[in-house]
Amino acid sequence: MKVRYSYLPQQFAEVDDLFAELKAFVATGDFTLGAPLAEFEGRFAELIGASHAIGVGSGTDALKLPLKALGIGVGDEVITAANTFIATVGAIAETGARPVFVDVDDSFCLDVDQVEAAITERTKAIMPVHLTGEVADMPRLMALAERHDLAVVEDSCQAILGAIEGRNAGTWGAAGGFSLHPLKNLNIWGDGGVVVTSDDELAARLRLLRNHGLSGRDEVAIMGCNSRLDTLQAIVGNWLIGQTPEITQRRIQNAARYDERLGAIPGIRIPPRRPGVRRVFHLYMVFAEDRDGLMDHCLRQGVEAKIHYPIPLYQQEGLRPYGYQAGDFPISDRHAGEIISFPADQHLSEAELDCVVATVREFYGA
Ligand SMILES: *Cc1c(COP(=O)(O)O)cnc(C)c1O
């Protein structure tokens, strides 16, 4: 049996009703900031439990625009995780601010104990990343941010409906950014993102920023940019958003099955499952002995495992100007050599999940 990683062909296999909607929409010509976008924003805000949701051009912009709306730019520092997807750091850099790294812990999120030491007089904000669909320790991070008067913008791109202490990822800080990229849990047919906030003023600024700063047809209130979520893509979002709780539940169930079965194999270590966290398994990631050997074995057997990510971000060539060096963040370094991700999406059968487990068991001769 082969187990594929990408489920996109399955997710969008039956879309005749969606095509009919898109066809009817095209006849309206309501392409920019149209009615279906407002509907999607309303439904997204309700799903996450925030007062406002603002559709933007990408997940990256959903991180960059709130930083800009909070006045962060050249000369400022923003603290984030040393190991994340490049977009987190790209969003910070695009504002003109400098990204400052803090190592992660085995939850794959930033180690809150190390944040204080990274704060300088230039620090303006913290951007925790809820990597893999884990949720960073937000209660402690918010307390620390308040003590130091720092803004918090959450990178929730991998963590839609993730929660800690019953409160959703993206609703702890001043704002949370989500991605609708095809590889994310709630996915559209191209790029898109959403910012959530419960601050009315911040929401109003974000609506201006994403639309050239235009307060009306002919009035420019502030300098903005063009980063609107396409109304066409919002229709795809509306088609899928109702399934998000079920998609999340299926991923959580699949992960529980893996935890139980993979956790019994010597050679595999399941990351700590902190109580009070609802992790949504955008990625199902574990630590493996002889990871490269296991990876080769899986691929040879037709199990499409992946590594997220093989090079710790802070060590990437493109980030060299920030002056970090190999060894600066030892946990991120260790992870790069130990982690492996297995498919855990909502379209997998139990037989496929068990095939993954059997393939891993076979490698370790257990
Ligand atoms: C996907 C992702 C983003 C940004 O997403 P885009 O929509 O591709 O711009 C940001 N941060 C993390 C952690 C992501 O996984």
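Table for the structure above
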{"read-out": "Rounded, prolate or oblate (a/c below 1.5 giving rounded, otherwise prolate when a/b exceeds b/c) for the stretch 1-54 by Cα gyration tensor", "value": "oblate"}
{"read-out": "Chain lengthening between Ala35 and Gln316 when straightened (0.36 nm per residue, less Cα-Cα)", "value": "97.0 nm"}
{"read-out": "Ranked packing of 38-44, 97-103, 258-264, most packed first, by mean Cβ within 10 Å", "value": "97-103, 38-44, 258-264"}
{"read-out": "Per-bin percent of Cα-Cα distances, the stretch 1-100 [5 Å]", "value": "2, 10, 13, 13, 15, 16, 12, 10, 7, 2, 0"}
{"read-out": "Theoretical FRET efficiency, 1/(1+(r/R0)^6), r = Cβ-Cβ of Asp218 and Val26, R0 30 Å, to 0.05", "value": "0.60"}
{"read-out": "Percent carbon-and-sulfur accessible area, the chain, ignoring ligands, DNA and RNA, probe 1.4 Å", "value": "51"}
{"read-out": "Peptide ranges 241-251, 189-199, 162-172 listed from the most packed, as the mean C-beta count within 10 angstrom indicates", "value": "189-199, 162-172, 241-251"}
{"read-out": "Per residue accessible area in Å² of the stretch 244-364, where ligands, DNA and RNA are left out and the probe is 1.4 Å", "value": "45"}
{"read-out": "Cβ crowding within 10 Å averaged over residues, with 141-151, 330-340, 7-17 ranked highest first", "value": "330-340, 141-151, 7-17"}
{"read-out": "Residues of the stretch 157-211: accessible area per residue with a 1.4 Å probe, Å²", "value": "32"}
{"read-out": "Förster-model FRET efficiency, 51 Å R0, Ala117 and Ala204, C-beta, rounded to 0.05", "value": "0.90"}
{"read-out": "Calculated Rg and Dmax of the stretch 244-364 using C-alpha coordinates, Å", "value": "15.7, 48"}
{"read-out": "The stretch 294-355 and the stretch 90-107: distance between their alpha carbon centers, rounded to Å", "value": "19"}
{"read-out": "Normalised alpha carbon radius of gyration of the chain [divisor 2.2 N^0.38 Å]", "value": "1.00"}
{"read-out": "Shape call, the stretch 26-81: gyration tensor on alpha carbons, a/c limit 1.5", "value": "prolate"}
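The values are calculated or read from the model by the stated rules, or taken from the named source; none is laboratory data. If you're wondering where the values come from, they're calculated on a predicted model, not measured in any experiment. Every residue, glycine among them, receives a Cβ derived from its backbone with ideal geometry; neighbour counts consider all protein chains shown. Quick note on the areas: whole protein, heavy atoms, side chains included, nothing else; ligands and nucleic acids left out. Shrake-Rupley method; radii C 1.70, N 1.55, O 1.52, S 1.80 Å.
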